[in-house]
Structure formats: C-alpha cells, structure tokens
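Worksheet: one structure, shown below.
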2 protein chains.
Amino acid sequence: MTRRAKNILFIMCDQLRWDYLSCYGHPRLVTPNIDGLAAKGVRFTRAYVQSPVCGASRMSFYTGRYVSSHGASWNGVPLKVGEMTLGDYLRPLGVRTALVGKTHMRADRDGLERLGIDPNSIIGVRVAECGFDPYERDDGLHGLGPEGRYDPLVPRYNRWLNDKGYAGDNPWHDWANAADGDGNRLASGWAMRHARKPARVKEEDSETPYMTGRAMEFMAETGDAPWCLHLSYIKPHWPYIAPAPYNSVFGPADVLPAVRSEAERADPHPIYREFMGLRVSGAFARDEVREAVIPVYMGLIKQIDDQLGRLFRFMEEQGLFDNTLIVFTSDHGDYLGDHWLGEKDLFHEPSVKVPLIVYDPSRRADAARGTACDALVETIDLIPTFLEAVGADPAEQSHRLEGRSLVPLLDGAAPPSWRRFAISEYDYALLPVAAKLGIEPRDARLFMVADQRWKYIHAPPFRPMLYDLATDPSELRDLGADPACEGERARLAAGLNLWGLRQSQRTTLSEQQMRDRRGKSQRCGILIGVWDESDVPDELWSRYLGEDDGRAQ
Amino acid sequence: MTRRAKNILFIMCDQLRWDYLSCYGHPRLVTPNIDGLAAKGVRFTRAYVQSPVCGASRMSFYTGRYVSSHGASWNGVPLKVGEMTLGDYLRPLGVRTALVGKTHMRADRDGLERLGIDPNSIIGVRVAECGFDPYERDDGLHGLGPEGRYDPLVPRYNRWLNDKGYAGDNPWHDWANAADGDGNRLASGWAMRHARKPARVKEEDSETPYMTGRAMEFMAETGDAPWCLHLSYIKPHWPYIAPAPYNSVFGPADVLPAVRSEAERADPHPIYREFMGLRVSGAFARDEVREAVIPVYMGLIKQIDDQLGRLFRFMEEQGLFDNTLIVFTSDHGDYLGDHWLGEKDLFHEPSVKVPLIVYDPSRRADAARGTACDALVETIDLIPTFLEAVGADPAEQSHRLEGRSLVPLLDGAAPPSWRRFAISEYDYALLPVAAKLGIEPRDARLFMVADQRWKYIHAPPFRPMLYDLATDPSELRDLGADPACEGERARLAAGLNLWGLRQSQRTTLSEQQMRDRRGKSQRCGILIGVWDESDVPDELWSRYLGEDDGRAQ
C-alpha cells in the first residue's frame, strides 16, 4: 500500500456533542478553526462511538475493537493485559505513538502481576498506558473524597501550576476548577451554580492551552521521525467552568431549546425512566441549570477551537500540514437536558453520535475535500484508517481490528460495500441504576443497532426501544412496543444477533495465516484416514514412514 | 466453603467415545476399573465438549471458557497470553497443578514477545504450557513430513525409549507407532491397514503405561502438598495401533454395526456433505477399515482401563482415594464410520458427547454414588467444580469462568436451576472444507445448541441442522428444513443468540467488585449533576471542596 501521510494527529475532545460546532450546524457557536479543518477534509455525519461513556468508548478507539470484544466496558474497568492498542500497531511501522492528555485507561494490575511484567519497564508502562508513550498523561479529573483520590496519578499540570505560582496541594482543583466565592471561600466547579463565574486560573494557564502547548512541544522535540500524537483534551467535559473570557462569551440567549417532549415522560421504558431519575438528569431538566451550564460548555468548545487555531498555525509553520493526517473527534456527547437527561450513557444522537473530521494530506484525497459523508462510521474505524494512511495493510490485522479503513471514503470513492449497521454498547453495572432495577452486573447491558434510518436498542430483560430517524429525527417517539414496527425490530435484532456471534477472540492468527495453514499437519507427517500408500502422495509417505529405509535398528 | 478434597486427579483420554465403556453400555468392551470409578461416583450421561476437536476442546477445559471466549478455536491456534488457566486458579490456593501427557496447547509466542515475557521463565513456561507445570508434556503426535516436525517438542518418552534400547531418532514413530512390516520394513501405524498388527514396542513400554507410571511418580514425589494432576492420555486417539496383547483382544466380531442410513447421503446439508467427502470419512465407510481399526481402538481403551486399575491400586495403597477428587473424561469422541464420517468435528453424539465420571471422596457425596445424572453438562464446568472441591467459591471467578460447579449434582441434589442449553462450537477455517465451500476463515464456524430433547446446529450461510433425540436418538433424520419444526428451530436459535451476546470479556473485575464500586467515584470526589451543596451529603462536600477552609493561598 502507498503511504499517504507521515504523521498522525489524533485530536479528541471529551464529551463534545456532534452538533456543537458551526460546521455541524450550530447556529451560535462559531468554530472557524475546526470548520477550516472540515473544509480541507471529510466531515462524517453518522459517526457513532462504540459506547457512550468515556472509558469504554476510548478503549474501543484505542484497540479498534468493540466493547464486548475488549471487555473494558465502563470507566475504571481495567483493559486486560494482552489487548493490543494503537501503539502496538503503529510502533512496528516506525511510528512513535504518544499521548498528551486523557485516555481513561485503567491498568490491569492483577494481570501485569500474574504475568510478571514490571509496571515500570517500558513494556509495563505501555501496557498500563493503553499502548501510548505517556508524553503527558492527564485524565483531567483530580477529585478527592472520603475514599481518596479518584485518579491516583498526580498530574504534571499540577506541578506546572505550582511552578507558575498557583499554590496548594491540588491547584487543578483550587484554581482551574474553582472560581472566587464569597468572602474567603472557593466557588468549586463541582457546583454547577458557579458555572458562569470565571475560573481562578488565567486563560493561558488553563488546561486546554496547556495541553495544546504540550502537543507543540512534542512535535518540536520529535523532529523528523514519524509520529502519531493523541492530543486528548479534557474539555468540554464537566466540571463546567471556564477561565475568562470563555466563561462569558456566550449567555443564556445562546442556549438552544432542549429537545424533549412531555410524552417522553409519560410512560418511558424502564431503563430510560431510571436514567431520567438520576440527579444529573433532574438538574438539566431545570432551565436555570441549562442557562448556567450550556453557555460555559460552549465557551469551553470555543476555547478548544481557538487553541486548535494556534496549533494549526504552528503546524503550518513547521510544514506539518503536508504530511500529517489529522483527525478531530470526541469520545461521546452530552445530553445537556435533551430528552430529560444529563450526561451521556444512552443512545440518543446527542449522546452516541460524535463529530468526526478527517483531513488526509495526500493528493488522492483532493476530490472529497470539504464534503460531508453520511456512511455509517464507527470509531473502531480509526486504527485501520491510520494503518492504511501510513502505508500498511489493515486487512492483515482484521483478525483483531473490527473496524474498516475510512480511506476509500476520504477519497470520495464509494467502497464496494459498507456496513449496514452501526453498533454501540453500554454497561450500566457500575451505576446504581442496575441495583434499582434488580439486574445482576453481568446482565446490565444495552446494545444499539443503527442503520441509515432506524435505531434499535436491545435492553433485556426489558422490551427494546426503537426510533425512526426519518420521521422522527429528534427521537421523541419510542416505537419499541409499536406493533406496526415488529418487522423493523426483528430485522435489526437479527443484525445484532449476527454481530453477537462474530469471531472476535481468535486474535493470534491472521486470516491469511489461517488459509496458509490448511493441510499443514499432513505436510508435517500427520496422516489421517490413510489406509495405505495409495491414499497419500509419495512425497508424504516414503521418506518419512520408514517403510523404504528398512529397520536398521 | 468447605474443602471436600485435598487433591484432584483429572484424567482425560483423547478421542474416547462416550459409549465405548461398559458403564456407558458398550456390550463387548468391558472396562471394570472405569466402571468401578463410576460405581463410586456420578456418571454424567449428557456431557458435551465445547468443541469436537482436540485443541479447542482442551482450551475450554483448561480455561473454563467457551471457545469463542478464549479464541483458540482449533488445533494450533495459540491461546492468547493473558487467558487464565486451571493452574492460575488453583495455584493461589496452594494446589500444585501439573501435567502428565497431552494438552495440544500452542503458545502465543508473538504475545509473549510483545509483552517481554521470557518463555524460559517460570511464568513464561506456564503461559506456554497452558498454566500447568509440565511434569511431562507430550502431545503424542511426533510426525515428520516435508515441512518438518508436527510437534517441535521432542518428548521425554523418546529419550526414555532410547535408554531402554529402542533405537533411532524417533523411537515413538519406529517402535510405538509401527509394527513389523514385510522383509526389512516398518509397518507404520499411520497406515490403518496395519492396525491389527502388534506395535513393536513392548506393552509395558508403550505410551499408556508410561504415562501412568509418570503419574505415579508425580504423586510419590509430591508428598503431602495438595496437588492437581492432569493425567492426559494420548490414546485411544489415532494412530490406531496397539502393543500385544491389546492389538488382538478384540476382533471383527466385536465391532458394532455402523450407525448410518442411506437417507443421510441422499441430500445432505452442504457442510455435512463436505465432511462425508473427506478421506477419513471415505475410509470409515468401508467395512474393511472399520473391522481393522475398531478392535484396536477398543484394545487401546482396554489398555487404559487396565492401567487405571494399576493407578487406582497405587492410590489406594497411598491413601489417596480418601482425599482426591477424581475425574475421568475425554476431549471428544470418534465417529468410527457412524453417519458416514470418520474423526470428530461435527455434532452427532459419537463426536461431541464424552464420558464424564466424577468421584468425590467427601461424605456428602455418598448419596449419589453409583448414580447417573442426565443434566446438561459442559466441560467448562470442571474448573468451577475443582474450585468448590478444594474449598474456594467459584462464584468469585464467575466473571471469567463460564461454567457451573457440578458439586450439587455430585451430592445428588437438584440445583435450583440448571442450564437449559448446552453449547458447542466448531471452527473449520483450517480445513480445506472452508475453501471448497468458499467460506472466509472468519466465517467458517458452526454452533450447536442442545437441550434435553433437541439438537440445533447453526451453520451460516447455510440452513441449520436439527435433530430430535427423543424420536430419533441415532440422529439419522436432519429436520433442519422441516417446516413442522420451525418453532423448535426459532426457540433454539433464540437460545444461541442470547448466548452470543453474553458478557465474556469483562474479566478484570468480578461481579462483587462491580457491585462494590457503584457510587465509588462520588466517594472519590467526582460530583456529577450537582447544583449546590444541597445535592450531596455534607461529608462529600465540606472537607473536599475548599469552601469551608478558605483560600489560604
């Protein structure tokens, strides 16, 4: 295969809704730098994450496999030792694969210990860091509570803030994630009532510019060797708090109406009902909360866009735009009160669909620049795309990688066939929802099957949900129990069942190795069902069975 | 849980049909020692292997997981590094877990290298040996052909034969697997026409007595420490050749008629047709072959029974019968010409069903001694059984182990619920059958779903097969296309689909760990959907958010 790019810049935002960018149609939030990337690349309009929650979604991005294939199905579920990640695929091709920002990876410490892998060895660090060389690992949530720190890693960012004069044990918390409160108090970003207050940190010292700077340092340091940098912003993920001026760029007048209807609350699906009952959903059902939070959410996105402008200018100066494949995406969305929900977790478009823009520097991609593509795309398609971009054949890894290269779509070509269904999964075992519904951890699972028109959600032991995106693009009518839709439900369930039986764990031999090994045992002297020498070719017989060379012994 | 046994003796034969033992009803083949074990234990009459082929079946025995969960789906497909095996479960409980004989394990060399695990370290050896300490590893097939040795490991047995005066580079081949031919030639056991000739090795030096002796040496050497020994006989697997007198204990008059009908050949399922067309099936369709081979197959079983008599006497002398759980089983069966087939691979009872006898020394098992149990049993049930026998709680491993402990059945108790379906799988990607049918390696898969009455075989892209064991216990009528059976097919397919979506890869956290972690992020300071302090308990708020202790900085 031909190399199309030397480097890969894989930009991810956290909790960025697909439709909160002007190139995706937001009427108030103008994002010229991201739009500019879309004008140079292809903008995918039907890109689904493999799970609408940080950790599981990311493990699918980084392994190229469905959640039920890699097993790290929620935040904090360790990715088992042995699962191959982006770095394992790119490093043998000579591509330095590094991280700046968040992965939400939890290392499989038990597995490392069982296999005797020193967590401080190079291999151990990579296994524990999801295959990346951790140029800067920072998951961006440095909370502390009665059971200790949420993230045991003290981020370099904290030390950097201290060096800049921001005092305290946890300057992330006290400066980046807090505003000035009344009197001598902090107004913590954990309380959304403070959202519109400016964070205490200076804008240029806040997380998004810091991570952008670190990415530029990485590029400058790495020099001529090919690299893949995962620039993984922590924002616009909560805590919803922004430094000035981004706390006040937008106001309540910029907040779009919530997409929801009273009918949704009338007789909801049991799972949906439980999620509507969560604290965060109750909060976002209130206008007061939406009007405080959404302008700041928009401000954090605006800040990312500005920082990408800075980064892209730097890359242009360095000549990197000519040889770097650039991806811009998110790990999932944010309901922001749509459908009476907060956070993500379920499968409405604001949660499960993400922006995905891919800029390919090669001449062959010229035809499709600035176009939108409505093919059903899954985030597991990125690793195959990266492999093809740097000149490797992703088909050689198809026994592990479950996605498809987007390269044909980047060229504007219609591939001979494309997936008919996109799949997403959700494991709610770690949420109190499971206990309230009386569901065992192993059974607390949801599956989405979406095609070009329909979205089906398998939710045993409860009935399925179903939405018709053609007649109900806002997904306000659940047709999961509508007798008229029985045929569609059966068709989509059949797609899910086919997927459920896929070959996902035979990862130690490639398809080609399987083909090449056919008949090998006979060529190694294993003769099955042979009566006499007439049953096998002479070259398998005479030299190896001792019939001809006598019993010298 | 209470400890029921100190040691575990896990005896496996290779390719032993379920019905070739007198305790399972064979009218000519009298196996008093195995029958004696059945009289002291429970004999399972519906025990199915997870795949009717050596390697895949064994990897399920040794991992306690379905084939599509562990991925080592055929002979020679490496078991990926990280899959836990019997030894990983038993060793932390203080049980030395060792192997004498065959595993058919292929090490994941690429995975070992990628993770930097030295294959010669203790951990590396165990990973490469399926978790066992290899007291004696010998897969029993030491063929040599134009592409080299089938098994790179030169067995200790070969050196031992050399020391005993059996000459040559490969005495396994020249003495244990050959008879005297015409003139100065060997009559190789690879040619079934030689089956009834006595092997050149003396009986006491043949493989089965050798392995039995090694097991006794292991027990004697190990002394008082608890152990689990996998005594894994290579026989009665082909090459079908036995030392005197076992080559002639049985004759053509002892051969039962083949179970087959002309109707089976009239319009068979496409997969079945291809397997009927294999050389081995053609051979076993001939009476000449069956009359030569089956008496020797029976003789090899008789030899195993005699050797088990020797072993059991030794164990009684050592007092081991009072504190050792003993399992006797096989990795799959052998068609021997039934259904116009040779070998195994498909899902008729002679292939997929195995003998399974479990003797539990504890007093609580007294009530069920000598009984038969017709519960649907899968071979992945053994590891949970072993764990419970030595006093551990298998439920703690239920995030990895997919089977169920047989202990309630050993006590003669009816468990509150039991599985309604048994599943078996088969990957034919490595067989030329796949190429002939035009099936890609990833798609070359069959699934069996059996309940107490029916057996359904899912075989996409072809129609399913279906057998009614109640009205057709010999499985001569394939009802896979019978319109009258549509309801049964749909019901069994639904069982398969449910199984296909099971949670099988979330192996890094137990069910209890999942329950315990609910709400933990909030207790570590991650506050989601909080507007103000009224939304969370004070102990999560005041001490951690800095609101009360002022901005000292």
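The values are calculated or read from the model by the stated rules, or taken from the named source; none is laboratory data. Predicted model only: the values in this text are computed from it and were never measured. Positions of Cβ are backbone-derived with ideal geometry, glycine not excepted, and every protein chain shown enters the neighbour counts. Just so you know, the surface numbers come from the protein's heavy atoms only, side chains and all, with ligands and any DNA or RNA stripped out. Shrake-Rupley method; radii C 1.70, N 1.55, O 1.52, S 1.80 Å.
Here are the numbers for the structure shown:
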item	result
Flag for residue A:2 being in a loop (DSSP other than H, G, I, E, B), open to solvent by 10 Å² or more (accessible area, probe 1.4 Å) and more than 30 Å from residue B:400 (Cβ to Cβ)	yes
Of all residues in segment A:242-266 being touching a Leu at 6+ places or on another chain (Cβ under 8 Å) and farther than 27 Å from residue A:431 by Cβ, the one that is least open to solvent (accessible area, probe 1.4 Å)	A:242
Filtered residue count, segment A:425-436, keeping only those that are over 17 Å from residue A:465 (Cα atoms), more than 7 Å from every other protein chain (Cβ to nearest Cβ) and open to solvent by less than 60 Å² (accessible area, probe 1.4 Å)	2
Selected residue (only one of B:66, B:166, B:135 is open to solvent by 10 Å² or more (accessible area, probe 1.4 Å) and at the interface with another protein chain (Cβ under 9 Å from one of its Cβ atoms))	B:166
Any strands (runs of 3 or more DSSP E) falling wholly within segment A:280-399 and containing at least 2 residues that are in contact (Cβ under 8 Å) with a residue 12 or more places away in the chain and open to solvent by 10 Å² or more (accessible area, probe 1.4 Å)	A:353-359, A:371-373
Pairs, first modelled with pLDDT of 95 or more in segment B:231-243, second of a type in the set (D, E, K, R) and open to solvent by 10 Å² or more (accessible area, probe 1.4 Å), C-beta under 7 Å, six or more apart	B:234/B:207; B:235/B:207; B:243/B:202; B:243/B:203
Failed item in (1) aromatic (Phe, Trp, Tyr); (2) in contact (Cβ under 8 Å) with a residue 60 or more places away in the chain; (3) assigned to a loop (DSSP other than H, G, I, E, B), with residue B:531 passing the rest	(2)
Breaking point among (1) more than 9 Å from chain B (Cβ to nearest Cβ); (2) part of a helix (DSSP H, G or I); (3) surrounded by fewer than 24 Cβ atoms within 10 Å (Cβ to Cβ); (4) touching a residue at least 40 places away in the same chain (Cβ under 8 Å), for residue A:193	(1)
Any hit, segment B:206-219, residues being of a type in the set (Phe, Trp, Tyr), surrounded by fewer than 22 Cβ atoms within 10 Å (Cβ to Cβ) and more than 14 Å from chain A (Cβ to nearest Cβ)	yes
Single condition residue B:260 does not satisfy, out of (1) assigned to a helix (DSSP H, G or I); (2) charged (D, E, K, R); (3) more than 14 Å from chain A (Cβ to nearest Cβ)	(1)
Test: residue in segment A:106-123 that is under 22 Å from residue A:11 (Cα atoms), among the aliphatic types (A, V, I, L, M), touching a Gly at 6+ places or on another chain (Cβ under 8 Å) and open to solvent by less than 30 Å² (accessible area, probe 1.4 Å)	no
Among residues of segment A:405-414, those that are in contact (Cβ under 8 Å) with a residue 24 or more places away in the chain and either touching a His at 6+ places or on another chain (Cβ under 8 Å) or not in a helix (DSSP H, G or I) (or both), counted	4
Complete set of residues in segment A:110-122 that are closer than 26 Å to residue A:331 by Cβ and modelled with pLDDT of 95 or more	A:110, A:111, A:112
Odd one out for residue A:480 among (1) surrounded by 15 or more Cβ atoms within 10 Å (Cβ to Cβ); (2) under 30 Å from residue B:104 (Cα atoms); (3) touching a residue at least 40 places away in the same chain (Cβ under 8 Å)	(2)
Qualifying positions in segment B:279-328 - closer than 28 Å to residue B:339 by Cβ and β-branched (Val, Ile, Thr)	B:280, B:289, B:293, B:294, B:296, B:301, B:304
Residues of segment B:267-279 classified as surrounded by fewer than 22 Cβ atoms within 10 Å (Cβ to Cβ), touching a Leu at 6+ places or on another chain (Cβ under 7 Å) and within 21 Å of residue A:532 (Cα to Cα), total	1
Residue A:53 closer than 20 Å to residue A:380 by Cα, crowded, with 22+ Cβ neighbours inside 10 Å and within 16 Å of the chain's Cα centre (by Cα)	yes
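Quick grid of which residues meet (1) open to solvent by less than 50 Å² (accessible area, probe 1.4 Å); (2) within 11 Å of another protein chain (Cβ to nearest Cβ):
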| site | (1), (2) |
| --- | --- |
| B:489 | yes, no |
| B:494 | no, yes |
| B:506 | yes, yes |
| B:515 | no, yes |
| B:519 | yes, yes |
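Let's see how each residue does on (1) within 35 Å of the chain's Cα centre (by Cα); (2) within 13 Å of chain B (Cβ to nearest Cβ); (3) surrounded by fewer than 19 Cβ atoms within 10 Å (Cβ to Cβ); (4) basic (Lys, Arg):
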{"site": "A:462", "(1), (2), (3), (4)": "yes, no, yes, no"}
{"site": "A:530", "(1), (2), (3), (4)": "no, yes, no, no"}
{"site": "A:539", "(1), (2), (3), (4)": "no, yes, yes, no"}
{"site": "A:544", "(1), (2), (3), (4)": "no, yes, no, no"}
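Matching residues to (1) of a type in the set (S, T, N, Q); (2) within 14 Å of chain B (Cβ to nearest Cβ):
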residue	(1), (2)
A:329	yes, no
A:344	no, yes
A:359	no, no
A:406	no, no
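Here is a yes/no grid of residues against (1) in contact with a helix residue (DSSP H, G or I) (Cβ under 6 Å, 6 or more places away or on another chain); (2) at the interface with chain A (Cβ under 9 Å from one of its Cβ atoms):
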| residue | (1), (2) |
| --- | --- |
| B:55 | no, no |
| B:61 | yes, no |
| B:81 | yes, yes |
| B:84 | no, yes |
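Here's the yes/no breakdown for (1) out of contact with any helix residue (DSSP H, G or I) (no Cβ under 8 Å at 6 or more places or on another chain); (2) facing chain B (nearest Cβ under 9 Å):
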residue: A:121; (1), (2): yes, yes
residue: A:125; (1), (2): yes, no
residue: A:141; (1), (2): yes, yes
residue: A:147; (1), (2): no, yes
residue: A:150; (1), (2): no, yes
residue: A:156; (1), (2): yes, no
residue: A:201; (1), (2): no, no
residue: A:222; (1), (2): yes, no
residue: A:225; (1), (2): yes, no
